[in-house]
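Below you'll find the structure, written out as C-alpha cells, and then a few comments.
The values are calculated or read from the model by the stated rules, or taken from the named source; none is laboratory data. Just so it is clear, the structure is predicted and the values come from calculations on it, not from any experiment. Here Cβ is always computed from backbone atoms with ideal geometry, including for glycine, and neighbour counts include all displayed protein chains.
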Amino acid sequence: MPKKREPPEYRWASYDNNALLQLRFSSLRLQLRNSPVWPDVERLYDELDRRGIRFRPHVWLATEWFALDGVPGFGIPFYLAHPRLRQLEYNFMGEVEGGNHRWRMRIMRHETGHAIDNAYALRRRADWRRVFGRASAPYPDDYVPRPSSRRYVLHLGHWYAQSHSTEDFAETFAVWMQPKARWRRDYADWPALRKLEYVDELMQNIATEPPKRRDRSVIEPLSQVDQTLGDHYRIRKQRYASEESRYDAWMKRVFVPRARRPGAIAASRFVREIEPQLRRLLDRRARLHPYFVDHAIRTVVLRTRQLDLVLRSPRREAKRPIVRLHERIVLDILRRDRENYAL
C-alpha cells in the first residue's frame, strides 16, 4: 500500500498580506497532488469513470480557472492549493471562486466540458454545430444575457451558457454530468432539453474512443509566472470594478459603511444568516427560478463585503428592506431582459 504523502510546509504560510503580495507566483512552489484540491480532481475522474468515459483531463495549478482551445486539460487557481492563499483571495476579492466542494465540482465539470471538446475536436462535427452553433464566432469581451431564455441550461452564474457556443456546450455537459442529475425532469419543457439529449447521445458514442488530441501541455504553469501576487490582484480588481458597481446606490440605502456603525453586524454575514427565509419570501412573492435568487443573493453578499457595509438598523428592522433590495435587483434583471430583446 503506497505511503500517504504529507502536505509540504511553506515558509510563506505565516506571512502577512503585504509580504505575500510581494512574492512572485514562481516562488510559491505549490504542489497540486499534495494540496487540498487534489481529492476533488480524483472525484472528477471517478465521475467520468462512472459515466463510462475513458478520457481524463490533465490539470495543473494556474493563476485562475481557465481552459484554452486545443488543450485537453484545464488550470485550477493557485489559491485552492493552500488555506493561507484562500484567505488572501477572500480578503482581496470578497469571495473564493470554487471555495467549497460543491462549487468547485461544478466549475471542474464545466472545465472538463471544454477539455473533452478539445480532446475529441467535437466543435468540428456538423451535428455539434447544428446544436450549439459555430465555435469560430468571435468570443465577446462582454455579453448581454437573456435571463428568461429557456434555450440554455442554468449552471454557473451570470447565465454563462449564453456567452458563446463553446460555453453553451461546456455548461450543458456540466449539467449532464452531475451525479444523480435530473436534467430530463428539470428541463422537460425547455428547448435546452434538446442540447442535453444530444450531449447524452454524443458521450455514449465517444465514451470508449481514444482522444484525438493527447497533448499534456501545461499552459502558463505557476513555476514560470514571474508576476507578483500584488500585481495579479491589482489587475483583477480593476477588471471587475465596473461590473460590480451597478447596484451600489441601492445597497447604500439599505446598509451603511462600517465607519458609521463600527459595532454593527456585517451586511454580507446577515444576508447569509437569513438566506433560507429570504429564498422562501422571494419564491412566494415572485415565483422565480432558484437561479435568479442565487444570482441576487450572491450579488449582494459579494458587493456589500467589498464595500464593507453593515446593517443600518437592528436585525428585526433590517429584514424587510433587504428583501425589497433583492426583489429590485431581480426585477431590474428582468426589465433589462425585456428591453434588450423587445420585438
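Filter the range 92-124 down to the residues that are basic (K, R) and without any contact (Cβ under 8 Å) to a residue 60 or more places away in the chain, then identify the one that is farthest from L196 (Cα to Cα).
The qualifying residue farthest from L196 (Cα to Cα) is R102.
Results for (1) surrounded by 14 or more Cβ atoms within 10 Å (Cβ to Cβ); (2) farther than 28 Å from P290 by Cβ, shown as yes or no for each residue.
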{"position": "F78", "(1), (2)": "yes, yes"}
{"position": "H82", "(1), (2)": "yes, yes"}
{"position": "L88", "(1), (2)": "yes, yes"}
{"position": "N91", "(1), (2)": "no, yes"}
{"position": "N100", "(1), (2)": "no, no"}
{"position": "I116", "(1), (2)": "yes, no"}
{"position": "Y120", "(1), (2)": "yes, yes"}
{"position": "R124", "(1), (2)": "no, yes"}
{"position": "S148", "(1), (2)": "no, no"}
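Answer with yes or no whether A174 is at pLDDT below 95 and either β-branched (V, I, T) or not assigned by TED's automatic domain parsing to the domain that holds H289 (or both).
Here the answer is no, as A174 does not meet what is asked.
Could you identify the single residue in R258, R216 that is touching a strand residue (DSSP E or B) at 6+ places or on another chain (Cβ under 6 Å) and either surrounded by 14 or more Cβ atoms within 10 Å (Cβ to Cβ) or among the β-branched types (V, I, T) (or both)?
R258
Taking the options S217, S223, name whichever one is farther than 30 Å from Q306 by Cβ, part of a helix (DSSP H, G or I), touching a residue at least 40 places away in the same chain (Cβ under 8 Å) and not acidic (D, E).
When all the criteria are applied, what remains is S223.
One residue is enough: does the range 157-167 have a residue meeting the conditions of a type in the set (A, V, I, L, M, F, W, C), not in a loop (DSSP other than H, G, I, E, B) and not assigned by TED's automatic domain parsing to the domain that holds G73?
The answer is no, given that none of the residues of the range 157-167 is of a type in the set (A, V, I, L, M, F, W, C), not in a loop (DSSP other than H, G, I, E, B) and not assigned by TED's automatic domain parsing to the domain that holds G73.
Considering each residue of the range 46-67, count those that are surrounded by fewer than 14 Cβ atoms within 10 Å (Cβ to Cβ) and within 20 Å of the chain's Cα centre (by Cα), and give that number.
1
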